[in-house]
1. Can you report the number of residues in the stretch 384-401 which are open to solvent by 10 Å² or more (accessible area, probe 1.4 Å) and either at pLDDT below 90 or under 12 Å from residue 641 (Cα atoms) (or both)?
2. With the condition being open to solvent by 50 Å² or more (accessible area, probe 1.4 Å) and at pLDDT below 95, I'd like the strands (runs of 3 or more DSSP E) fully within the stretch 414-470 carrying at least 3 qualifying residues.
3. Answer yes or no as to whether residue 238 is open to solvent by less than 30 Å² (accessible area, probe 1.4 Å) and either under 17 Å from residue 216 (Cβ atoms) or aliphatic (A, V, I, L, M) (or both).
4. Which condition does residue 34 not pass, out of (1) modelled with pLDDT under 80; (2) open to solvent by less than 70 Å² (accessible area, probe 1.4 Å); (3) outside any loop (DSSP other than H, G, I, E, B), if it passes all the others?
5. Quick one: count up the residues across the stretch 53-68 that are modelled with pLDDT under 90 and open to solvent by 30 Å² or more (accessible area, probe 1.4 Å).
6. On the given criteria, is residue 152 within 29 Å of the chain's Cα centre (by Cα) and of a type outside the set (S, T, N, Q)?
7. So in the stretch 230-252, with the set limited to residues that are among the charged types (D, E, K, R) and outside any helix (DSSP H, G or I), which one is nearest to the chain's Cα centre (by Cα)?
8. Could you tell me whether residue 397 is in a loop (DSSP other than H, G, I, E, B), touching a Gly at 6+ places or on another chain (Cβ under 6 Å) and either among the aliphatic types (A, V, I, L, M) or in contact (Cβ under 8 Å) with a residue 40 or more places away in the chain (or both)?
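The values are calculated or read from the model by the stated rules, or taken from the named source; none is laboratory data. Keep in mind that this is a model prediction, so the values were computed, not measured. Quick reminder, even Gly has a Cβ in these numbers, built from the backbone with ideal geometry, and neighbours come from all protein chains shown. Ligands, DNA and RNA are stripped out before the accessible areas are found, and what is left, the full protein with its side chains, is counted by its heavy atoms. Shrake-Rupley method; radii C 1.70, N 1.55, O 1.52, S 1.80 Å.
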Amino acid sequence: MTKKQKNVYGRFLMVLAAAVLLNLVGATLFMRFDLTRDRLYSISAISRKVVSTLSEPLTIHVFFTRNLPAPHNNTERYLEDLLKEYALAANHFFNYQFHNVSPQDEEAGKTVNENQALAGDYGIYPVQIQKIEKDEVKFQKAYMGMALIHGDMVERIPTITGTEGLEYKITTMIQKMNNKIGALLRLPEKIQVTLFLSSSLNVVAPYINISGLGEIPAKVETLVSKLNEKNYGQLAFASHDPTTEAAAAAGLAKYNLFQLQWQKQVDRQGKEISAGSGVAGIVMQTSRKSLSIPLIRVLRIPLIGDQYQLESMENMEKYLTDGIESMLDINEKIAYLADFGTPPLQAGMVGPNQPQEQDLANFSGLVSESYSLQPVKLKDEKIPDNVNCLIIAGPKEEFSDYALFQIDQFLMQGKSLAILLDPFNEIVPQREQSYTNPNQGPLYIPLNTGLEKLLAHYGIRSRKSYLLDENCYRQRQDPAYGGGEQPIYFAPLIGPPYINESSDFMKNIERLILLKAAPLELDAARVKEAGLSARMLFSSSAKAWEMSGQINLNPYFIQKPQTEGEQKIYPLAYILSGPFPSYFAGKPIPEKPLAAAAVEPEAAKAGGKTPAAKKDEAKAAIDMSKIKAAGSSITRGKEGKIFLIGTSEILKNNLLDQAGESPNALFVMNLLDFLNNREEVALMRGKRQRLNLMGEIKGGTKTFVKTFNIVGLPVLVVLAGILIWIRRKNRQKRIQMLFRK
């Protein structure tokens, strides 16, 4: 072997050794780079924190059929990458495993059967999906679920059909289980689960198509025992028959359980049924809280009447599990103002011919996934100390100074307010009036709740007008009436560049829709004087205008301004933050107004003198100006936040979807996270945003791009061909010149 050959072989061996070493290093020092804008393939900081602080083993069992058609195969790949990311960030308590549940897999038929049985034990069953094979649409059954086991608890996602929000679901589920374990271990007493079932109901049960009442106590006891195994033995079960136990029957009224009463009657066979009553329900309670779960439900079916239905044990398990979480208060609390004319979270039953009250059911359901929504009536109670955010949505009544003082002092504690103020009280004519005057529309009366002076003190106010915008929702018209689209100017669409993405929780909000919104007005000098900072979250487009004075929102009667000068950009939502100065600084603390019904008993106790008379009497007896209380109010607050928008419609069911997938729902939930200092959760939720819309492009730019694509690109290709042809001809000439010499 020559020296040259030795050098060649030596270099080859060195390169080979380097390649092997690099592979070994790469196998141990695994590294990935996520170049997507929202870091879709990396877990968020909050997810890393949750899995890195596990105190007990967490195992995730994934059951996913192999070789599924698109897009389900991408979902499986995304889930696997996601769990790898969790594993990299987690401590030694985190573990996950993919189980082979593919029936066509021949490598281990017995194992597949065992895995399918295991999936069934966790409540995960195959679902039917659609696929296209050989130009034919076929259906296939596939497993696409996962179960999470943490301590003695089991949670599951039975069907994973997409990647949107998957990290949010997994992280919140782990966090919830972790919090639940901590809360259960800290419980000072067991949760008492008591079944109240009257044996007297057995008399009428066959007539209302209910069977198996006698087996209910044993079934519920078995169910509680099963749940007890998952909840560290913190449940205690008891069963009472109010028919035979007088002591049990005596205290039932406070639980508001289902009660059935019947009169004496004779059935078709001539059998006499004695008059009686019975109770059926479950009460969960501790020393500080209780809740009731109905055992029999009543369905009111038109023409048929009331139908009675006994709850299944599957539903009872769910209700009891939800009840345990409610008793533990594992979610952070948010207060919701439930008086002063705000819409209810859940509308009650209404009678025939009565209008259905608009509620915030979708909003309540969405918020309850992450928080405990606590209604607060300021007329009767104070804002609880254990909440960080108060929502005031669409009040219609004037606040007393005492209520404003409570709101002001809540803010002074460094907490947050979400204020959604309607500019007008919309009064819809009664049905009888609409018969006599069918053309009469709603009346719009300007609202003055008293919150305005509080907000003006902080440097912001909501105008008494409706914002109209050319960039708005357009309603398709019935072809029978000429077709086309009708712009709904009072439903503006908010999109780039009118959404301020400087805040992290707003970064993934691509588009919003509002309804009957009032523009806002910021007093920059007052904000600066108060030492606050103001941040506009979004505004109207440049083609917006106001409607004030006489309001008529009939789309057919709304005309655009004649000149463009009358249109401009209006701010629609602001965040104020900083150490707020109290509106009541230097003022006497307002007195709590007495309810009218309470005045007379108070007067009776005072020997016929009203509280006002007693106060005047006390004034005469002593000089109160010489007595001062210190520390009874806060004049300068800690760092707090106020969110203000000029409409409460954004929380109503027509603008918020039940599943929480719309941009409006994403914005509302992100906002609440921001106000509760959980912005990292908002960032994680934002990864589920599907639309990445382009910015608004002017007409001239659109024409240029379109023309360039049709004509410009072919012309460029022809010019490039000509240049290459000329270059080749010149080269040929140079070669010919060289050989001629």
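1. Residues that pass the stated criteria total 4.
2. 443-446
3. Yes, satisfied.
4. Answer for residue 34: the failing condition is (3).
5. 6
6. Working: within 29 Å of the chain's Cα centre (by Cα): yes; of a type outside the set (S, T, N, Q): yes.
Answer is yes for this residue.
7. Top of the filtered list is 241.
8. Criteria met by residue 397.
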